[in-house]
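Q: Can you keep this structure in mind? I'll have questions shortly.
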Amino acid sequence: MASSEPSFQIVAIQVDSFNLIPKSEMIQSLGELDNNMVFKFDSNFKFSANIKQHNIQLAIDFTGFLSKTVKEESIPCLSLITTFDFSISSFDKWTTDEKILIPSNVAKSLISVGFGTLRGIVHTKTADTYLPKILLPIMDLDKIKQQDLEFPLNPK
């Protein structure tokens, strides 16, 4: 039986910026670093549409924080902005004469795939640093309050 869910694939990934705070600065802020450090993150998502290529673009602005314990203040340790271009099979189905309307469940799926890929990028870029043994948390999609995405075809 064929799935009625849209299929999509990443057609381009671009790391727009990556900044890792030097180990010496982290030690100055937190003291000696160890494998029991608490890693937290904050992330923001921004969608846009490339009408001509039938792609949806997702930019993720990710900041990682370290602390000694869950209760201590966290210190920013890295920042990363990554852009993903997704080709979506149902792009035409969601297009009218005035707009493109991407359902919220599809937007959440794009966030999930993009964020999972971003975790791999962070892992790769920090492999030979003070962060390699830090566990990168996964994202709980149930906590994301994502609305349908609406892109006007003829912006004024």
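Q: Does LEU80 meet the test of being at pLDDT 90 or above, within 28 Å of PRO22 (Cβ to Cβ) and aliphatic (A, V, I, L, M)?
A: On the way: at pLDDT 90 or above: yes; within 28 Å of PRO22 (Cβ to Cβ): yes; aliphatic (A, V, I, L, M): yes.
Yes.
Residue-by-condition table, conditions (1) modelled with pLDDT under 80; (2) surrounded by fewer than 15 Cβ atoms within 10 Å (Cβ to Cβ); (3) under 24 Å from SER67 (Cα atoms):
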position	(1), (2), (3)
PRO103	no, no, no
PHE115	no, no, yes
HIS123	no, yes, yes
ASP142	yes, yes, no
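Q: Can I ask one more? Among the residues of segment 1-43, count how many are in contact with a strand residue (DSSP E or B) (Cβ under 7 Å, 6 or more places away or on another chain), in a loop (DSSP other than H, G, I, E, B) and modelled with pLDDT of 85 or more.
A: Taking segment 1-43 as the starting set, the residues that turn out to be in contact with a strand residue (DSSP E or B) (Cβ under 7 Å, 6 or more places away or on another chain) are 6, 8-21, 26, 29-30, 37-43.
Filter once more, so that each one left must be in a loop (DSSP other than H, G, I, E, B): 6, 21, 37.
Now drop any that are not modelled with pLDDT of 85 or more, which leaves 21, 37.
Qualifying residue count for the region: 2.
Q: Which condition number in (1) assigned to a strand (DSSP E or B); (2) hydroxyl-bearing (Ser, Thr, Tyr); (3) at pLDDT below 90 is the one that SER109 fails?
A: Of (1) assigned to a strand (DSSP E or B); (2) hydroxyl-bearing (Ser, Thr, Tyr); (3) at pLDDT below 90, only one is false for SER109: (1).
Q: So, one more: Quick check on segment 10-32: of everything there that is over 17 Å from THR117 (Cα atoms) and of a type in the set (Ser, Thr, Tyr), which residue is surrounded by the most Cβ atoms within 10 Å (Cβ to Cβ)? Before you say what the answer is, go through the steps one by one.
A: If we filter segment 10-32 for residues that are over 17 Å from THR117 (Cα atoms), which is where we start, we get 19-32.
With the extra rule that they be of a type in the set (Ser, Thr, Tyr), the set shrinks to 24, 29.
On the way: SER24: 9, SER29: 14.
For segment 10-32, the residue satisfying everything is SER29.
Q: Identify the single condition in (1) outside any strand (DSSP E or B); (2) modelled with pLDDT of 90 or more that LYS46 does not satisfy, given that it satisfies every other one.
A: Every listed condition holds for LYS46 apart from (1).
Q: Right, here's the next one. Would you confirm whether any residue within segment 84-97 is among the hydroxyl-bearing types (Ser, Thr, Tyr), modelled with pLDDT under 85, in a loop (DSSP other than H, G, I, E, B) and within 21 Å of ILE13 (Cβ to Cβ)? Working first, answer last.
A: Of all residues in segment 84-97, those among the hydroxyl-bearing types (Ser, Thr, Tyr) come to 87, 89-90, 95-96.
Now restrict to residues that are modelled with pLDDT under 85: 89-90, 95-96.
Then keep just the ones that are in a loop (DSSP other than H, G, I, E, B); that gives 89-90, 96.
Filter once more, so that each one left must be within 21 Å of ILE13 (Cβ to Cβ): 89.
There is at least one residue in segment 84-97 that is among the hydroxyl-bearing types (Ser, Thr, Tyr), modelled with pLDDT under 85, in a loop (DSSP other than H, G, I, E, B) and within 21 Å of ILE13 (Cβ to Cβ).
Q: Scan segment 52-65 and tell me whether some residue there is farther than 24 Å from VAL11 by Cβ, touching a Lys or Arg at 6+ places or on another chain (Cβ under 9 Å), aromatic (Phe, Trp, Tyr) and not in a loop (DSSP other than H, G, I, E, B).
A: yes
Q: A further question on this structure: Name the residue, out of LEU66, LEU149, that is in contact with a Ser or Thr (Cβ under 7 Å, 6 or more places away or on another chain) and surrounded by 15 or more Cβ atoms within 10 Å (Cβ to Cβ). Outline the logic, then answer.
A: On the way: LEU149 fails: in contact with a Ser or Thr (Cβ under 7 Å, 6 or more places away or on another chain).
Exactly one residue qualifies, and that residue is LEU66.
Q: Which residue out of ILE75, ILE56, ILE88, ILE81 is over 17 Å from the mean Cα position of the chain (by Cα) and in contact (Cβ under 8 Å) with a residue 60 or more places away in the chain? Write out each step before concluding.
A: Values: ILE75 fails: in contact (Cβ under 8 Å) with a residue 60 or more places away in the chain; ILE56 fails: over 17 Å from the mean Cα position of the chain (by Cα); ILE81 fails: over 17 Å from the mean Cα position of the chain (by Cα).
Residue meeting the stated conditions: ILE88.
The values are calculated or read from the model by the stated rules, or taken from the named source; none is laboratory data. What you see is a predicted model, and the numbers here were worked out from it, not measured in a lab. Positions of Cβ are generated from backbone atoms using ideal geometry, with glycine treated the same way; all protein chains shown enter the neighbour counts.
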